[in-house]
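Working notes, beginning with the structure itself.
The values are calculated or read from the model by the stated rules, or taken from the named source; none is laboratory data. Bear in mind that the values here come from a model prediction, so they are computed numbers and not experimental data. No Cβ is skipped: glycine too gets one built from the backbone with ideal geometry, and neighbour counts run over all protein chains shown. Heads up: the accessible areas ignore ligands, DNA and RNA and are worked out on the full protein's heavy atoms, side chains in. Shrake-Rupley method; radii C 1.70, N 1.55, O 1.52, S 1.80 Å.
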Amino acid sequence: MSTYTKNLIAENGALVGFGFGRALTRNSHTATVAANGKATLVKHVKNVALFFAAPFIGLAYLLAFPLVGFAMLVWIAGKAAMKSDKARPIALALAAPFVALAFVTIGPIVGLGALVLTGAGALLKA
């Protein structure tokens, strides 16, 4: 009988093993440990790479949590402020410098990307 994790369990309930190959059970029955075939080298390399990348992925999540939480708080507060007629002009006045900063920061990057895209298109046509 094969379990979800591709381990075999003998008739008496003893776990046969995790690895590949054949294993001997207590009742002297031989059972194949890897019932559905061997895992490929690519699968093992992916698992090892994910094992080494996991701490850095966790660190990225840890660093992003406060920023995401603050952005959600600002988003909800902004939506609530936009519904109020008295608070709307104040909220827009407070948001204007940040919107301008975002445009000044992102604008040159987008412009450079458009320039590179146009240049690459011209070079590929020639």
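The table below gives the values:
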| item | result |
| --- | --- |
| Among the residues listed as 90, 109, 76, 57, the single one being open to solvent by less than 100 Å² (accessible area, probe 1.4 Å) and at negative phi | 57 |
| Hey, residue 46 of a type in the set (Lys, Arg), at pLDDT below 90 and assigned to a helix (DSSP H, G or I) or not | yes |
| Only listed residue being loosely packed, with under 10 Cβ neighbours inside 10 Å, assigned to a helix (DSSP H, G or I) and modelled with pLDDT of 90 or more, chosen from 68, 104, 99 | 104 |
| Residue check, residue 118 open to solvent by 90 Å² or more (accessible area, probe 1.4 Å), of a type in the set (Ser, Thr, Tyr) and in a helix (DSSP H, G or I) | yes |
